[in-house]
Amino acid sequence: MDVGIASLRNLSKIHGRRVVLWWLLALSSLPIHFLYNSAVFKTIEANNYLLAVVNEDFLKGEPFLDLLNITWTNSDGDIQSEAVSFEDIVGGDLLAFVQKNVSANAAYMNGSLYERLDNSKCMSAYGTSYVSGRVNVLAVTSASTDIANQTAFYVAEVFVPSDYYNVSNGPPFNWICEDDPTATLRNCDIAKQQRNAKNWNVNGYRIDYCLSELSSGPGQCRLQFSTTILAVVIVMNICKCLAMVLTLLQNREVALVTVGDALASFLEKPDHLTEGRCMLAKIDVEKTLLRSTMPPVSRLIIAALCAAVALLVSAFNWLKRSLDPNQSVFSLGFGTVDSRATIVDSLPKSNGAGLAAAVLVANLPQVICSLLYFAYNALLTSMLLSYEYSQYGVGGRRKALRVSSPKGQKRSKYFLHLPYTYSVPLIAISTLLHWLISQSLFVTEDTPNADALKFRPNHDILPDNFPSSFLEYLSPRSTLAPPHPSPLAAQLLNVDGVTSVFYGKDYITVTKDSSTPWAHVKPEVFSLISETVTSGQPIVNTVENKTGEDGQGSSSSEAEATYAPEDEEVVGMIQELLETRIRPAIQEDGGDIEFRGLHEGQVMLKLRGA
């Protein structure tokens, strides 16, 4: 039996009811350590954006040649060139759409839609893993060519790093350093580029300034909290309080908390095993099967140090994989979100499982730190108890016993089981470590579409037997049309600014127009959804479709996917890829995707929702 320190071996020596209370206190601490730190977390706005190198004529609406000459060296060492359409690179008429916005009413001149940035500010704005408050960027150059209508020289689409970042491609903003011969693909030093901003080149073109498109609506960076996590934490705290109250009410025995308690007890009631055996040797008492088989303490210390060093080296090597060899890991920043230090590959992608996994990974070091605190506390307590006990045998230095309930000349025990010269620094260091860990690993969530918000009311939206995985309402009329009218969707589409409502299995995505701020829309939308869910009203009804028409846009109302019979095997592979890789990612952002057909090598898809 151990006296004066926390020990699991003592559980076999106490009453069963107190053992249950001890386990209740211990087990209720684990969810608190794992969850409390992530009950409140932040979401970050992360926008995909178009990058284009253009000249002043492009800004005036002059037509551009929709071709880009790409040159590469093949496996035989021969230089080859091919003209590729901008449309093949960024898809659709995105560049033409951007040009129309820029040239219309000279909006880029007055800064209402576009902000003019010098090269240094442009690098700062887009030289980050997660771009917020801005979308497309036009890098304006004074370059010109002899080719007619050549007003756009380079185009690319930059994606959200949590989905597209990997070690080989480097951070999403490495286009800023493409023409720097001293830069590496894995790292782009923005501060270094800013020192030579006046000579900045992108894809071989000298940049004069940038036009940055401002994202509509307020930024999506905000604090959120999880009601589920808070509920678990509250329940666990109630369990701890209950266990402590029961311990106080049921504790009628004299507890041996300190060595002084044990000595006082043995003086009053001598131990019959040691009574009259004052010359008993230590080896006769201590030599048991357990202690005789324990390894030397030095071996345990060496093993612990080796494990700690191995973990530290592994962590640094993991960071170094995505950093330039000449760059320090401390350049990532303190408590900042950076794609090069983001754990995404091994975590589930669904919202519920993904958040739970992220919370557990982020808070696992907190549990380890708490266990280390208890270990150090026990070690220091044992060391100081041994010292204090040895002082009782020093001649001429009489000391009173330190007990839990002092009487007469007896002294009270330490408040934290340790003298303040030890306990205060230990608690301060432990608190600092907990805070540093919270700044090293924390939970974030991307919100890539500024005009769409995804609501998760912890309630099934679509019935279990629903024929489709989604349902979309694009007009007030569609919310009343069979076979699946929705009173909630009708109310949501009556809110000023709301343009569409999308139902997933357990979420609702509401899309607004770009001119309406979320501050005017979100409170009413949230109120309508909450009222419907809490009242138990049906969200989606099913009625007979007599006319054969429906306006919801569900997959059951669409024409069947079309493709040639000989393409059936290829179509199967495409559909499997969509179901296993692409659809889960799109549903996570509040949307869905449909396969519509395969014609002459072109895959037809339909995107819905956010």
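For every other residue with a beta carbon closer than 10 angstrom to the beta carbon of D506, add +1 if it is Lys or Arg and -1 if Asp or Glu, then tell me the sum.
On the way: positive: R456, K505; negative: D460.
Once positives and negatives cancel, what remains is +1.
What's the extension gain from I234 to W23 if we count 0.36 nm per residue and subtract their Cα-Cα distance?
74.2 nm
Exceeding 31 Å between C-alpha atoms, which entries from my cross-link table qualify? They are K13/K413; K192/K512; K121/K606.
K192/K512; K121/K606
Given points 7 Å out from each Cα along the Cα-Cβ axis, report the Y387 to A585 separation in nanometres with one decimal.
5.9 nm
Nothing charged except the Cβ atoms of Lys and Arg (+1) and of Asp and Glu (-1): what's the magnitude of the dipole of segment 452-555 about its Cα centre? Round to the nearest 20 debye.
180 debye
Compare the peptides 51-57, 239-245 by average per-residue count of other Cβ atoms within 10 angstrom and give them in order, highest first.
Answer by packing, highest mean first, reads 51-57, 239-245.
Please compute the contact order of segment 452-555 in relative form: average sequence separation of alpha-carbon pairs under 8 Å and at least six residues apart, divided by the residue count, as a percent.
It comes to 41 percent, rounded to a whole number.
Values quoted throughout were computed directly from the atomic coordinates according to the rules given, and no laboratory measurement underlies them. A quick note: this is a predicted structure, and the numbers were derived from the prediction, not measured. So basically every Cβ, Gly included, is an ideal-geometry build from the backbone, and we count neighbours across all protein chains shown.
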